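Heads up, the thing below is written out as structure tokens.
The values are calculated or read from the model by the stated rules, or taken from the named source; none is laboratory data. The model shown is predicted, which means the values in this text are computed figures rather than measured ones. All Cβ positions, glycine included, derive from the backbone under ideal geometry; neighbour counts span all protein chains shown.
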Amino acid sequence: METFFNNIISSVGINDVLDILIVSFIVYKILGFIRESRAQQLVKGLLVLVVAFFLSDIMNLYALNWILRQTMTLGVVALVVVFQPELRRGLEYVGRSKIVKAPFGQLDKEKAKNITDEFVKAVDSFSSTRTGALIILERETALSDIAETGTEINADISAQLLGNIFYEGAPLHDGAVIIRGDKVFAAGCVLPLTGNKNLNKSLGTRHRAGIGITENSDAISIIVSEETGIISMAIDGKLTRFLDTKTVEKTLLNLYLSDRDDDSFKFSRILEIFDLGRKKDAGK
């Protein structure tokens, strides 16, 4: 037995170790993507079909075996059509470039603090006056196609400008505002709605649009309810409600000021803040 293991160890080279590590990393990423999307239910269904296929083959159930074989052959095309949003999101995640950094990492500390203060003033005003607002912070995934559905502004971020945009009766108040770096890039934009059927029925189109854009990109949504003034934020398809301006400020500061070369740390810090918000939400 010792000789057997020694032979195995001696036959393993650096290339073999590298090959195993790469495959393990890819499988880990795929499993993580499956766990965070509707693909989790898909995998369960496929496992049931595969088990049924092998059982029908072993038990000589020819008719059932033939049907399952044909189903799995045609099913590949059907899966591409049905799960096109998930596949697109996965490919966008793989294709995000780390060579060209997002505009957030290019701002100095003082400017980032001033921009955050303007956001907090605007959101606080919207909440107190129950003014509906939908602000989208672009990160690595470009939202130029979304911006084309609205009006390009390309102006400096200020509480006054955001207040004028979302003022009831203003031409652009019903759409979303796209923030690119330190600029209000576009306003009055139309966003894709989420397909999540498990959302609270009280959530309207503004919240569903805010969640939808984060399902199709790595953007962050800030949403203020017109009916209640409740502040919400969405990231990675998950909505956190009943936030205060301090939470908004912490999220934005972590987004703008975290180490620009450590995106995973930046993203984890934002998720930690969101988890705190969800705990507050659960207690209400």
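Restricting the search to helices (runs of 4 or more DSSP H) fully inside segment 188-284 and requiring at least 1 residues that are under 13 Å from the mean Cα position of the chain (by Cα), at pLDDT below 90 and over 24 Å from T131 (Cα atoms) gives 205-215, 263-282. Taking the criterion of being of a type in the set (K, R), more than 24 Å from S232 (Cβ to Cβ) and at pLDDT below 70, the residues of segment 71-121 that qualify are R88, R96, K98, K101. All conditions but one from (1) of a type outside the set (A, V, I, L, M, F, W, C); (2) under 25 Å from D244 (Cα atoms); (3) at pLDDT 95 or above apply to T151; the one that does not is (2).
Write out, first by first residue and then by second, each pair whose Cβ atoms fall under 6 Å of each other, whose residues are 6+ apart or on separate chains, and whose first residue, in segment 186-214, is assigned by TED's automatic domain parsing to the domain that holds F166 and loosely packed, with under 13 Cβ neighbours inside 10 Å while the second is in a loop (DSSP other than H, G, I, E, B) and of a type in the set (K, R). Nothing qualifies.
Can you tell me which residue is farthest from T228 (Cα to Cα) among those in segment 132-162 that are touching a residue at least 60 places away in the same chain (Cβ under 8 Å) and assigned to a strand (DSSP E or B)?
In this case the residue turns out to be L137.
Of everything listed in (1) closer than 26 Å to K250 by Cβ; (2) hydroxyl-bearing (S, T, Y); (3) at pLDDT 80 or above, the single unmet condition for S144 is (1). The residue of segment 122-141 that is farthest from S232 (Cα to Cα), among those that are acidic (D, E) and modelled with pLDDT under 95, is E140.
Test K121 against the criterion of being basic (K, R) and in a loop (DSSP other than H, G, I, E, B), and give yes or no. Taking the combined requirement at face value, the residue does not satisfy it. Filtered by the rule that a residue be under 24 Å from the mean Cα position of the chain (by Cα) and within 25 Å of K111 (Cβ to Cβ), segment 163-182 gives A176, V177, I178, I179, R180, G181, D182.
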